[in-house]
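Here is the structure we will look at.
The values are calculated or read from the model by the stated rules, or taken from the named source; none is laboratory data. Worth saying up front: this structure is predicted, and the values here are computed from it rather than measured. Cβ: placed from backbone, ideal geometry, glycine included. Neighbour counts: every protein chain shown.
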Amino acid sequence: MIAKRNHINYNGDFIQVDHPALQASNRGYQYGDGFFETIRCNGTVPLHFDLHMERIERAFKVFEFDKGPTFSREYLSLQITRTLNKNRFFKASKVRLSFYRDSEGLYTPTGNRWGFVIYPTILEHETYTINRTGLLTDIYPTMAKQINMFSSLKNSAAMLYVKAGLYKKTMNIDDCIILNDKGYVCETISSNIFVVKDDAIVTPSLKEGCVAGIMRHIIIKLMQKLGYNISVVDGLFVEDLIDADEIFITNSIQGIQWVGGFNDKRYDYKLANQIIYELNQYTFKGIFL
């Protein structure tokens, strides 16, 4: 939790976190005209930032934002570091870097200039830590995720995930598995999904509409490097979850979490526990770079 003395970064200027910042005409607020990145930081350094920048670059193309003279890896990294220094966050933290179209207009914008907000929070653990208790999950039954040009990005318009979160709360479970509009397994509310059966590990391809997760990318490459039998597949069925020996989910902040139950099925976490050790070696000691 951030204390009131702490600050957000609003287009390069610092504003106290409890003070108003966005104008009522902000297009991110009015239309969800924007996207965001959630970045784990070590000290004042954003982790895996090159991968985040690749996704930011793709999002700028999809949203048709004009980069202008200030857009660069160096500029955005500097703004994150400035914000963490300003707040004296010198250990583990999470940064939400939100972008929005900074222009007037109704549905049709008058311009494509961009703006940003950096919102930091402190993390409890300085390294990736496996959850002690397995997550209880179920299918979110009400809405499917559409496969389109926005699917792989983290869009500001995120009502599917909000609704899934409300369902999770109602059902007293830890996460929801989201299906795509073809009925295949896509992802969870805030994570990519990996399924383990015997010695084979599979995860849905980006063609199935899942977010192009930074941690998903890292885990795939890391497991390939370590010689695991991992595949990116089209068409992962719900039945594959029931038949699995193990399920784990990944995101940039928590790294890896293991799923303990789906419906009445219960799972182990042997592989997830092994991989999170390798992930910490890779991230914090530079092994397997």
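Figures for the structure shown
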read-out: Qualifying positions in region 262-289 - assigned to a loop (DSSP other than H, G, I, E, B), among the β-branched types (Val, Ile, Thr) and closer than 17 Å to Ile230 by Cα; value: none
read-out: Search result, residues across region 125-149 that are among the aliphatic types (A, V, I, L, M) and part of a loop (DSSP other than H, G, I, E, B); value: Ile130, Met143, Ala144, Ile147, Met149
read-out: Subset of region 267-289 (residues that are over 29 Å from Thr44 (Cα atoms) and touching a residue at least 24 places away in the same chain (Cβ under 8 Å)); value: Tyr267, Tyr269, Lys270, Leu271
read-out: In region 102-128, the residues that are closer than 25 Å to Trp258 by Cβ and either of a type in the set (A, V, I, L, M) or surrounded by 20 or more Cβ atoms within 10 Å (Cβ to Cβ) (or both); value: Ile122, Leu123, Tyr128
read-out: Neighbours by Cβ (under 6 Å, 6+ apart or cross-chain): first from region 176-187, surrounded by fewer than 23 Cβ atoms within 10 Å (Cβ to Cβ); second hydroxyl-bearing (Ser, Thr, Tyr) and modelled with pLDDT under 95; value: none
read-out: Of residues in region 233-265 being crowded, with 16+ Cβ neighbours inside 10 Å and among the charged types (D, E, K, R), the one nearest to Pro46 (Cα to Cα); value: Glu246
read-out: In region 220-241, the residues that are in contact (Cβ under 8 Å) with a residue 24 or more places away in the chain, more than 22 Å from Asp174 (Cα to Cα), among the aliphatic types (A, V, I, L, M) and in contact with a strand residue (DSSP E or B) (Cβ under 9 Å, 6 or more places away or on another chain); value: Met223, Ile230, Val232, Val233
read-out: Meets criteria (within 22 Å of Phe237 (Cβ to Cβ), modelled with pLDDT of 95 or more and either within 16 Å of the chain's Cα centre (by Cα) or not assigned by TED's automatic domain parsing to the domain that holds Glu57 (or both)) for Pro141; value: yes
read-out: Leading residue by the ranking (nearest to Ala200 (Cα to Cα)) among those in region 210-232 that are under 22 Å from the mean Cα position of the chain (by Cα) and surrounded by fewer than 18 Cβ atoms within 10 Å (Cβ to Cβ); value: Ser231
read-out: Hits in region 150-164 - residues which are more than 12 Å from Phe63 (Cα to Cα), among the hydrophobic types (A, V, I, L, M, F, W, C) and not in a helix (DSSP H, G or I); value: Ala157, Ala158
read-out: Residue, surrounded by the fewest Cβ atoms within 10 Å (Cβ to Cβ), within region 27-58, restricted to residues that are in contact with a Phe, Trp or Tyr (Cβ under 8 Å, 6 or more places away or on another chain) and part of a loop (DSSP other than H, G, I, E, B); value: Gly43
read-out: Subset of region 178-193 (residues that are over 15 Å from the mean Cα position of the chain (by Cα) and either closer than 25 Å to Tyr269 by Cα or not polar (S, T, N, Q) (or both)); value: Leu179, Asp181, Lys182, Gly183, Tyr184, Val185
read-out: Pair list, Cβ < 8 Å and 6+ apart or interchain, from region 144-158 residues that are more than 20 Å from Met215 (Cα to Cα) to residues that are of a type in the set (A, V, I, L, M) and outside any loop (DSSP other than H, G, I, E, B); value: Ala144/Ile178; Ala144/Leu179; Lys145/Leu160; Lys145/Ile178; Lys145/Leu179; Met149/Val62
read-out: Those residues of region 17-42 which are modelled with pLDDT under 95 and closer than 17 Å to Leu84 by Cβ, in sequence order; value: Val17
read-out: Restricting region 59-101 to residues that are within 23 Å of Tyr29 (Cα to Cα) and among the acidic types (Asp, Glu), the residue that is surrounded by the fewest Cβ atoms within 10 Å (Cβ to Cβ); value: Glu64
